[in-house]
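Okay, structure first, notes after.
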Amino acid sequence: MAAELASRLEPIVAEAVAATGFDLDALDVQQAGRRKLVKVVVDGDDGVGLDEVAEISRAVSAVLDENEALIAGAYTLEVTSPGVDRPLTRARHWRRARYRRVRITPVSGAEFVGRVGHAGERAARVLVDGGGIRDVAYQDVAKAVIEIEFRQPPAEELKRLDEDALEAGGDSAAGQKEEPR
């Protein structure tokens, strides 16, 4: 029942979130006693701040109220941003992880850690620990998560990734529209 309701609400909520300039990352509906808990996870290219969460919450609440027949009862709305432990499952997740260290578990082969560089629609360039840059096709990744760093990334690694992006036809400052080679 909750999964069916979530699938009916998703296009409505996604449109409201998009109207605020953000992306719907996940939508979950759970029964919580007599009420339903509607959990909306949103993300943006530059993250999501508290003021923006409040704005998104108002927009989503308004469309849920307009479509109250779908929910059929009281609900609690929770709007949040994804945690740092969110797996990178979409191209936009990889683009937003630029310059971050990521632990990658391929579908086949050994797990490795690298720093994300240029990310296109089907693959990302990753500076692997040990110094080599390699293409990582998203379809070949079983799991990828950001690793927490407590220091600034080494300047030489960032420079190497920027140079690689320029060689691949990407623009290090403009959001990398080109595919990595």
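Details
- Residues satisfying the stated conditions in region 47-77, i.e. more than 29 Å from Arg96 (Cα to Cα), of a type in the set (A, V, I, L, M) and surrounded by 11 or more Cβ atoms within 10 Å (Cβ to Cβ): Leu70, Ile71, Ala74
- Unmet requirement for Gly44, which otherwise passes all of (1) in contact (Cβ under 8 Å) with a residue 40 or more places away in the chain; (2) surrounded by 13 or more Cβ atoms within 10 Å (Cβ to Cβ); (3) not basic (Lys, Arg): (1)
- Test for Ile146: is it under 23 Å from Glu167 (Cβ atoms), hydrophobic (A, V, I, L, M, F, W, C) and out of contact with any Asp or Glu (no Cβ under 6 Å at 6 or more places or on another chain): no
- Matching option when the condition is free of Cβ contacts under 8 Å to residues at least 40 places away in the same chain, surrounded by fewer than 17 Cβ atoms within 10 Å (Cβ to Cβ) and within 30 Å of Val126 (Cβ to Cβ), among Gly33, Gly21: Gly21
- Selection count, region 38-69, where residues are part of a strand (DSSP E or B), closer than 16 Å to Arg8 by Cβ and out of contact with any helix residue (DSSP H, G or I) (no Cβ under 6 Å at 6 or more places or on another chain): 2
- Among the candidates Arg95, Arg86, residue that is in contact with a Gly (Cβ under 9 Å, 6 or more places away or on another chain) and surrounded by 13 or more Cβ atoms within 10 Å (Cβ to Cβ): Arg95
- Entirely in region 70-181, the strands (runs of 3 or more DSSP E) that have 1 or more residues that are under 24 Å from Val40 (Cβ atoms) and at pLDDT 90 or above: 75-80, 141-146
- Of the residues in region 34-55, at least one is of a type in the set (Gly, Ala, Ser), at pLDDT 90 or above and more than 25 Å from Ala119 (Cα to Cα).
- Val113 crowded, with 16+ Cβ neighbours inside 10 Å, hydrophobic (A, V, I, L, M, F, W, C) and within 22 Å of the chain's Cα centre (by Cα): no
- Looking at Val136, Val145, Val102, just one residue is more than 30 Å from Ala62 (Cβ to Cβ) and free of Cβ contacts under 8 Å to residues at least 40 places away in the same chain, and that residue is Val136.
The values are calculated or read from the model by the stated rules, or taken from the named source; none is laboratory data. Note that the structure is predicted; figures quoted are calculated from it, not measured. Glycine also receives a Cβ, built like all others from the backbone with ideal geometry; neighbour counts cover every protein chain displayed.
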